[in-house]
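A.B. asks: Shown below is the structure under consideration.
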Amino acid sequence: MSLFQIFDVSGSAMTAQSIRLNTTASNLANAESLAGTARGAYRARHPVFASLMNEFGASPEGDDATVGVRVLGIVESSAPALVRYQPDNPLADAQGNVYVSNVNSIEEMTNMIAASRSFQSNVEIINTSRDLLLKTITMGGRG
């Protein structure tokens, strides 16, 4: 893998983690939202990622063929909405039930921490690669 490919891989990973953070923030913002029907309740959303592979496969040096991360899309959870009995709520149905989002706040906070750390790691990779590239250029100028 060339030094410049590292920037591409880390950059695409940072983009993917930004999408993951935004999706998680949206889920947390809607964690306690209510609806009058199970169908109308907010459903947790999660991004789906795929590795981008070099179209020619691995390089002759035996390097990995991965060249980045791509977001395939965002999927909606199939878990059922939670049902609460709140007959005083204006959104309640005829049985007095309201439907709450299926977002698991603990799972979402875990996702947020993992995405944040992954983003931070990729920033460090870019910074270290940049420093190595600058030192290489400086060493080449001494000859």
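A.B. asks: Using the Cα atoms as the points, what is the convex hull volume per residue of segment 74-143 in Å³? Before the final figure, lay out each step's value.
C.D. replies: Values: hull volume 8.7 nm³, N = 70.
Value for segment 74-143: 125 Å³ per residue.
A.B. asks: Related question: Any chance you could give the angle, 0 to 90 degrees and rounded to 10, that helix 105-140 forms with the longest Cα principal axis of the chain?
C.D. replies: The angle comes out at about 10 degrees.
A.B. asks: Taking the Cβ of residue 101 as the center, what net charge do the other residues with Cβ under 14 Å away carry, scoring Lys and Arg +1 and Asp and Glu -1? Walk me through the intermediate numbers first.
C.D. replies: Details: positive: 39, 43, 45, 84; negative: 32, 76, 107, 108.
Local net charge: 0.
A.B. asks: Further question: Would you please give the FRET efficiency between residue 22 and residue 104, computed as 1/(1 + (r/R0)^6) with r the Cβ-Cβ distance and R0 = 25 Å, to the nearest 0.05?
C.D. replies: Details: r = 18 Å, r/R0 = 0.71.
Calculated value: 0.90.
A.B. asks: Can you put 6, 106 in order of Cβ neighbours within 10 angstrom, beginning with the fewest?
C.D. replies: Starting with the residue having the fewest Cβ neighbours, the order is 106, 6.
A.B. asks: Show me the trypsin sites (Lys or Arg not before Pro) within segment 109-143 that DSSP assigns to loop and that have at most 14 other Cβ atoms within 10 Å of their Cβ. Before the final figure, lay out each step's value.
C.D. replies: On the way: sites: 117, 130, 135, 142; in loops: 142.
Answer in residue order: 142.
A.B. asks: As I understand it, the dipole of the chain uses +1 on the Cβ of Lys and Arg and -1 on the Cβ of Asp and Glu, about the Cα centre. Which of 136, 122, 77 lies farthest toward its positive end?
C.D. replies: Most positive-ward Cα: 136.
A.B. asks: Counting only helical runs of four or more DSSP H residues, what would the 222 nm mean residue ellipticity of the chain come to if each run contributes -39,500 (n - 2.57) and the total is spread over all its residues?
C.D. replies: -16000 deg cm²/dmol
A.B. asks: Under a point spin-label approximation (7 Å from Cα along Cα-to-Cβ), what is the residue 5-residue 82 distance to one decimal in nm?
C.D. replies: Here the modelled spin labels are 4.6 nm apart.
A.B. asks: So, counting K/R as plus one and D/E as minus one, what does the shell of residues with Cβ under 11 Å around residue 20 add up to?
C.D. replies: 0
A.B. asks: Looking at the chain, identify the longest residue range that excludes and avoids all GluC sites (Glu not before Pro) in DSSP loops having at most 14 other Cβ atoms within 10 Å.
C.D. replies: 62-143
A.B. asks: Only one of the values [x] 11, 27, 24, 17, 11, 7, 3, 1, 0; [y] 12, 46, 35, 7, 0; [z] 12, 49, 35, 4, 0 was calculated from this structure for P(r) over Cα pairs in 10 Å bins from 0, in percent; name its label.
C.D. replies: Only one option fits the structure, namely [x].
A.B. asks: Let me ask you something else. On a 0 to 90° scale, report how tilted helix 3-29 is relative to the longest principal axis of the chain, with both axes built from alpha carbons and the result rounded to the nearest 10.
C.D. replies: Helix 3-29 sits roughly 10 degrees off the main axis of the chain.
No value in this document is a laboratory result; all are computed from the given coordinates. The structure presented is a predicted model; accordingly, all values stated were derived computationally and were not measured. All Cβ positions, glycine included, derive from the backbone under ideal geometry; neighbour counts span all protein chains shown.
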